2 protein chains.
Amino acid sequence: MGRRSPGTPTLEEVAALAGVGRGTVSRVINNAAGVRASTRRAVQRAIAELGYVPNLAARSLAGHRADAVALVMTEPDWRLFGEPFFTEIVHAVGDALTDTPVQLLLTLVRTDAERQRLVEYARGGRVDGVLLMSVHAEDPLPDMLAKAGLPTVMLGRRSGDESVTYVDADNAGGARGAVTHLLNGGRGTIGAITGPLDMYVAQCRLRGYREALEQAGRAVRDSLVVEGDDFTEESGRRAMTELIARHPGIDAVFAASDTLAAGALSALRATGRRVPQDVAVIGFDDFHPARPAEPPLTTVRQPLGEIGRTMVRLLLEEMEDSPVAWRHVILRTELVLRESA
Amino acid sequence: MGRRSPGTPTLEEVAALAGVGRGTVSRVINNAAGVRASTRRAVQRAIAELGYVPNLAARSLAGHRADAVALVMTEPDWRLFGEPFFTEIVHAVGDALTDTPVQLLLTLVRTDAERQRLVEYARGGRVDGVLLMSVHAEDPLPDMLAKAGLPTVMLGRRSGDESVTYVDADNAGGARGAVTHLLNGGRGTIGAITGPLDMYVAQCRLRGYREALEQAGRAVRDSLVVEGDDFTEESGRRAMTELIARHPGIDAVFAASDTLAAGALSALRATGRRVPQDVAVIGFDDFHPARPAEPPLTTVRQPLGEIGRTMVRLLLEEMEDSPVAWRHVILRTELVLRESA
DNA sequence: TTGAAAGCGCTAACAC
DNA sequence: GTGTTAGCGCTTTCAA
């Protein structure tokens with residue numbers, strides 16, 4: 001496989017042609033200071049003449065770094081790729097890496113064998129750090145990477161005491177803001193459609209709902225909370241139907257995702273209720289596979305670009321410093337109104 | 001950045017612990033023949049004890065190969081990721097690589113700078129070959145890679161005399177089959193909605209339409225062919241409206257993609273025509289960003305798994321052999337009926 | 001079947 | 001400023 005073409009020029013040949021030592025050529029291609037401008041030009045001319053490109057394996061071996069990071073997607077996330085959430089994150093990560101010599105590599109992990117291969121790839125020194133897109137509590141990958149001492153940053157967290165460095169949106173705060181907005185709008189009976197509560201993100205959003213009510217001195221009624229089996233529209237529809245049955249006079253709903261909210265919307269419309277006049281609906285602008293056919297009018301917007309950039313910043317820091325303690329960043333969300341009411 | 005943890009064991013330490021030479025350890029980790037079973041076990045024990053993982057940079061440098069290939073997506077393809085087309089291809093590629101030591105790396109290329117970086121990454125020896133998902137005629141990347149002598153395989157082709165190795169579906173044949181099916185079904189007036197004809201794939205599909213009519217001894221009427229500005233539903237709708245205006249009695253349509261077909265469908269329904277009773281619609285199951293809200297009932301299905309596997313096969317062959325001439329493979333499509341009529 | 005030795009092409013430390 | 005040198009950790013002959 002892929003034997004290097006015989007004619008590939010080496011740094012040594014560049015040095016010979018330019019009439020300088022190897023060290024000088026190395027300094028030039030690495031933009032290191034301390035090279036006379038005229039010398040630098042001579043070297044660059046030789047590089048251009050020979051069509052020289054550095055051998056990255058040699059550079060890694062000698063330099064102890066790969067100048068590459070992996071962005072890992074585990075199976076359930078694949079479909080996210082087409083979603084705005086995902087592309088925004090990847091764009092942001094790519095942009096943040098643009099001015100560095102670091103190459104972004106996406107890898108897909110489906111099986112344990114692939115998990116293992118990725119860890120060996122990283123431990124083998126082909127990447128300097130790993131960005132994790134997924135937050136599945138059962139996934140052993142984050143811990144495998146952490147145990148191997150590899151700089152790792154996760155998007156979101158798996159629990160309240162996450163042990164791997166992560167960047168997360170302020171899910172509780174966002175939910176709190178959404179519900180407070182509903183309260184300020186004069187809504188009296190506010191239901192909640194949560195995601196599956198074995199996911200930390202769902203717990204946080206539910207907590208925000210509760211806190212907003214408590215802060216306003218309202219009672220938190222269990223009958224106003226329905227847990228979705230997942231984050232799909234179908235779950236949202238079912239949950240909304242249940243809420244209407246329990247509380248026919250319900251006039252607002254906070255849903256834990258945009259897809260759940262879209263499901264709620266369709267269930268409401270089916271009963272003839274007008275949105276948002278009769279019932280207001282707010283959901284998170286989220287990253288779940290099924291993009292809602294009809295998004296809710298008001299959403300809690302996550303700062304995706306900032307999340308991506310922050311992940312890169314933390315990763316680069318962990319790559320530079322010697323092993324630091326894990327850290328985390330929680331970024332504020334924003335309430336975006338697309339309704340007039 | 002990422003200095004290798006000081007404690008990382010090397011092959012030499014494994015050899016010392018196992019009481020053998022370095023060459024022997026190398027043979028063991030590479031599953032090379034000619035090592036006594038007992039020796040092999042001893043080495044494996046030492047590997048396990050030390051938690052040894054090969055340094056991939058050193059291996060690449062000495063072995064002249066990276067054991068990795070890149071699958072490149074250029075900007076317009078991003079949204080494809082969520083589409084069945086894309087995930088099927090990636091799955092197939094991943095599966096085909098499973099039993100090899102080759103790691104699959106996805107890279108996103110947006111700008112010329114990123115294009116350049118990718119080429120240097122590949123020329124630098126970090127990947128042994130490149131798989132290209134996109135077939136944009138203006139994209140200089142395929143030629144940059146070919147010029148650099150890097151094994152490269154494209155999905156689809158940019159023109160009739162493509163100079164880079166590629167794997168493509170039999171677009172003309174698929175279109176021919178679809179139109180022949182319509183003719184056999186007794187349809188008399190068959191329209192065609194093409195994609196933008198500056199794309200080779202669109203030309204091929206139009207050619208198939210023409211050939212089928214000619215083979216059946218039917219006249220090919222220009223007024224029955226409408227070119228879509230792109231592959232979107234909106235274009236399909238516009239084209240269908242135009243066709244109906246020109247030929248109110250039209251009773252079948254071949255569209256160059258599933259999205260165009262979906263657009264045609266919606267335009268037909270808007271006029272009260274029944275599908276497929278009044279008008280039959282066939283499109284290609286395609287890979288365009290906008291997934292149709294309503295797919296056509298009969299489609300030309302592309303052999304995605306086989307395309308992905310074939311791309312890998314060709315790439316691996318190009319990686320093994322010395323520079324071979326470019327080759328291509330055209331894979332048959334399949335007509336899938338989801339209608340009863 | 002195994003060990004020893006010669007690189008692979010680069011970076012970085014150290015001289016000058 | 002610039003040249004020289006000593007590795008980085010592995011694969012791969014070549015002997016034994």
Practice task
Would you be able to tell me the number of residues in the range B:225-255 that are farther than 18 Å from B:Val275 by Cα and either open to solvent by less than 60 Å² (accessible area, probe 1.4 Å) or in a loop (DSSP other than H, G, I, E, B) (or both)?
Solution key: 8
Handout entry: Pair list, Cβ under 6 Å, 6 or more apart: the range B:46-68 residue within 9 Å of chain A (Cβ to nearest Cβ), other residue among the basic types (Lys, Arg) and more than 7 Å from DNA strand D (Cβ to nearest atom)
Key = B:Val53/A:Arg123; B:Leu56/A:Arg126; B:His64/A:Arg3; B:His64/A:Arg4; B:Ala66/B:Arg126
Problem - strands (runs of 3 or more DSSP E) (entirely within the range A:285-341) containing at least 2 residues that are in contact with a Gly (Cβ under 7 Å, 6 or more places away or on another chain) and modelled with pLDDT of 85 or more - result: A:298-301
Practice task
Filter the range A:266-279 for residues that are open to solvent by less than 20 Å² (accessible area, probe 1.4 Å) and modelled with pLDDT of 95 or more and give the result.
Solution key: A:Ala267, A:Leu268, A:Val279
Practice task
Kindly check whether there is at least one residue in the range B:213-236 that is touching a Leu at 6+ places or on another chain (Cβ under 8 Å) and among the acidic types (Asp, Glu).
Solution key: yes
Practice task
Taking the options A:Ala146, A:Ala192, name whichever one is of a type in the set (A, V, I, L, M, F, W, C) and in the same structural domain as A:Gly94 (by the TED database).
Solution key: A:Ala146
Fill in the blank from the handout: Restricting attention to the range A:102-123, the residues that are part of a helix (DSSP H, G or I), in contact (Cβ under 8 Å) with a residue 24 or more places away in the chain and farther than 15 Å from B:Asp99 by Cα number exactly 4
Exercise for the section: For B:Ala137, indicate whether it is within 14 Å of chain A (Cβ to nearest Cβ) and not in a strand (DSSP E or B). Expected result: no
Exercise for the section: For residues that are open to solvent by less than 20 Å² (accessible area, probe 1.4 Å) and small (Gly, Ala, Ser), tally how many sit in the range B:102-125. Expected result: 2
Handout entry: Residue selected from the range A:42-65 under the condition more than 15 Å from B:Gly124 (Cβ to Cβ) and more than 10 Å from DNA strand D (Cβ to nearest atom), by the criterion surrounded by the fewest Cβ atoms within 10 Å (Cβ to Cβ)
Key = A:Ala48
Fill in the blank from the handout: Residue pairs within 9 Å by beta carbon, gap of at least six or interchain, first lying in the range B:216-243 and in the same structural domain as B:Leu268 (by the TED database), second of a type in the set (Lys, Arg), listed first then second, are B:Val220/B:Arg210; B:Ser223/B:Arg246; B:Leu224/B:Arg246; B:Val225/B:Arg210; B:Val226/B:Arg238; B:Val226/B:Arg246; B:Gly228/B:Arg238; B:Asp229/B:Arg238
Practice task
Count, please, the residues in the range B:21-34 that happen to be more than 8 Å from DNA strand D (Cβ to nearest atom), of a type outside the set (S, T, N, Q) and either touching a Gly at 6+ places or on another chain (Cβ under 6 Å) or open to solvent by 30 Å² or more (accessible area, probe 1.4 Å) (or both).
Solution key: 2
Exercise for the section: Would you check if there is a residue in the range B:79-101 being within 16 Å of DNA strand C (Cβ to nearest atom) and either at pLDDT 95 or above or open to solvent by less than 20 Å² (accessible area, probe 1.4 Å) (or both)? Expected result: no
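The values are calculated or read from the model by the stated rules, or taken from the named source; none is laboratory data. All figures in this text were calculated on a predicted structure; none of them were measured in a lab. For neighbour counting, all protein chains shown are included, and Cβ atoms are generated from backbone atoms with ideal geometry for every residue, glycine included. With ligands, DNA and RNA removed, areas are computed over all heavy atoms of the protein, side chains included. Shrake-Rupley method; radii C 1.70, N 1.55, O 1.52, S 1.80 Å.
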